[in-house]
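What follows is a single structure, written as structure tokens, with notes after it.
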Amino acid sequence: MAEWTYVPDRAFSKSSAPRIREVKFGDGYSQRAQDGINYMNESWSLTFANRSFTDIFNMESFLETKGGNTAFTFQPPGEIEVKVICRTWDASTLYHTGVNSTSIGTLTATFERVYE
């Protein structure tokens, strides 16, 4: 399994949404239960800012080869390694001109946890 080796910027966000089954009865009473053993939907909104053009190109190439449906491993900062897919990402590059200048860019992506 391929692994994502790039470290995101420190300002990232994580969204969690437990999948719950609920049954409602006519008198206002309801029962709730977790939907399966892998019920936690998680996603991370990540930014990789001020990276070299080469890094941005390599990150995009990696995501393109996964096609939005093939899982890869990712270790969120401070958490355990998880399997994720990436359906959407955006890349921007700022080209510099002049002597000894390099092009830099930013990639933003949303990684969604998957269970396989």
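Normalising the average separation of contacting C-alpha pairs (under 8 angstrom, six or more residues apart) by the number of residues puts the relative contact order of segment 37-116 at 42 percent. Only helices enter the 222 nm calculation for the chain: every DSSP H run of n ≥ 4 contributes -39,500 (n - 2.57), and dividing by all residues gives -4000 deg cm²/dmol, rounded to 500. Taking a straight line from the alpha carbon of residue 14, these lysines sit under 27 Å away, with near neighbours fewer than eight places off in the same chain left out: 66, 83.
Hey, can you rank 9-18, 25-34, 53-62 by average C-beta count inside 10 Å, highest first? Present the calculation step by step, with values, prior to reporting the outcome.
On the way: 9-18: 11.0, 25-34: 8.4, 53-62: 15.4.
Ranking the peptides 9-18, 25-34, 53-62 by packing returns 53-62, 9-18, 25-34.
Karplus-derived 3J(HN,Hα) values for segment 70-76, using 6.51 cos²θ - 1.76 cosθ + 1.60 with θ = phi - 60°, are 9, 6, 9, 8, 8, 10, x Hz; glycine and proline are entered as x.
Each value in this text was obtained by applying a stated rule to the coordinates, not by laboratory testing. Predicted model, so just to flag it, every value in this text is computed and none were measured. Neighbour counts are summed over all protein chains in view; Cβ atoms, including those assigned to glycine, are modelled from backbone coordinates with ideal geometry.
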